[in-house]
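Enquirer: Submitted below is the structure of interest, expressed as structure tokens.
The values are calculated or read from the model by the stated rules, or taken from the named source; none is laboratory data. Since we're looking at a predicted model, the values are computed, not measured. When we count neighbours, we look across all protein chains shown, and the Cβ atoms used for this are built from the backbone with ideal geometry, even at glycine.
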Amino acid sequence: MKKLATALSVFAISAFVAGASASAAQRVDTQDLTTTQVKQLIQEHGSAVLSTGAGVFDRYVANGSYCYTGDEAKPAYVPTSDASSSFVGYTCAPINGDNS
């Protein structure tokens with residue numbers, strides 16, 4: 001009976017870890033959401049890593065305060081379910097110094 005309980009515990013932990021790993025690897029695809037939903041997601045969390053197509057993703061931020069030191073906020077336009085290119089927030093890019 002003790003072996004069965006141990007085996008069930010190991011199975012349950014393995015299933016939980018496998019599920020957590022799989023969900024952590026998934027990203028929200030902007031094309032599955034409306035423009036309003038994408039904007040809301042970014043605003044609520046401050047920043048989010050989102051997919052914009054197969055194998056394409058980036059970090060989007062609500063404003064420049066979410067960028068790292070030495071980066072600046074640049075307007076970000078992504079495809080959504082209701083538009084081919086919508087302003088949803090910003091991405092962070094290195095400050096290049098020549099203001100272009």
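Enquirer: Go through the stretch 58-73 and give me each residue that's part of a loop (DSSP other than H, G, I, E, B) and either farther than 12 Å from H45 by Cα or touching a helix residue (DSSP H, G or I) at 6+ places or on another chain (Cβ under 6 Å) (or both).
Expert: A62, C67, Y68, T69, G70
Enquirer: Considering the stretch 29-82 alone, what residues qualify as being small (G, A, S), farther than 21 Å from P94 by Cβ and either in contact with a strand residue (DSSP E or B) (Cβ under 7 Å, 6 or more places away or on another chain) or at pLDDT below 95 (or both)?
Expert: S51, G53, A54, G55
Enquirer: Here's a follow-up. Can you find a residue in the stretch 8-25 that is surrounded by fewer than 16 Cβ atoms within 10 Å (Cβ to Cβ), out of contact with any Gly (no Cβ under 6 Å at 6 or more places or on another chain), modelled with pLDDT under 95 and not in a helix (DSSP H, G or I)?
Expert: no
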